[in-house]
1. Suppose we filter region 84-100 for residues that are more than 12 Å from residue 16 (Cβ to Cβ) and touching a Lys or Arg at 6+ places or on another chain (Cβ under 9 Å); how many remain?
2. Of everything in region 80-112 that's small (Gly, Ala, Ser) and either surrounded by 15 or more Cβ atoms within 10 Å (Cβ to Cβ) or modelled with pLDDT of 95 or more (or both), which residue is nearest to residue 25 (Cα to Cα)?
Amino acid sequence: MAFPDLTRAQMRERCDLAGVARVVAVGRASPDSPRLAKLRFVQVVKGDARSRGGFVYVRLRGGAAAPIETGLASWSDWGDYPVGGLVETHLDWNGPEDLYQTTWPGAVVEVVAQGAHMSRVA
């Protein structure tokens, strides 16, 4: 079972936070902790960012290797947050972990800044 494709508008409707952010870092605090992306938002189009020290933390799903097909839908966003990159992202708040997580497969797209405008990387 694969996840159905969602449009950017559908993802924005279902997410808690959407916008464009610079990826500051990706990693773990310790080998036992979750892998996190550390983001600094430059434009918020939906929601109020729950930040710590000006940064938003996103718990990454899956792993660096492609998920093993089990018949159940699985996905990874480890490669979606390139350090130093500018991304358009849609995030859900995970209250128990006090972190965000990516809303849906395809919810993160790298963008390039062009003066006052931004466009998606093809």
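1. If we filter region 84-100 for residues that are more than 12 Å from residue 16 (Cβ to Cβ), which is where we start, we get 84-88, 96-98.
Of the ones still in play, those that are also touching a Lys or Arg at 6+ places or on another chain (Cβ under 9 Å) are 84-88, 97-98.
Qualifying residue count, region 84-100: 7.
2. So the first thing to find is which residues in region 80-112 are small (Gly, Ala, Ser), and the list is 84-85, 95, 106-107.
If we keep only those that are either surrounded by 15 or more Cβ atoms within 10 Å (Cβ to Cβ) or modelled with pLDDT of 95 or more (or both) as well, we get 84-85, 106-107.
Details: 84: 8, 85: 10, 106: 20, 107: 19 Å.
Per the criteria, the residue is 84.
The values are calculated or read from the model by the stated rules, or taken from the named source; none is laboratory data. Predicted, not measured: the structure shown is a model, and the values here were computed from it. Counting neighbours? That spans all protein chains shown, and the Cβs are built from the backbone with ideal geometry, glycine included.
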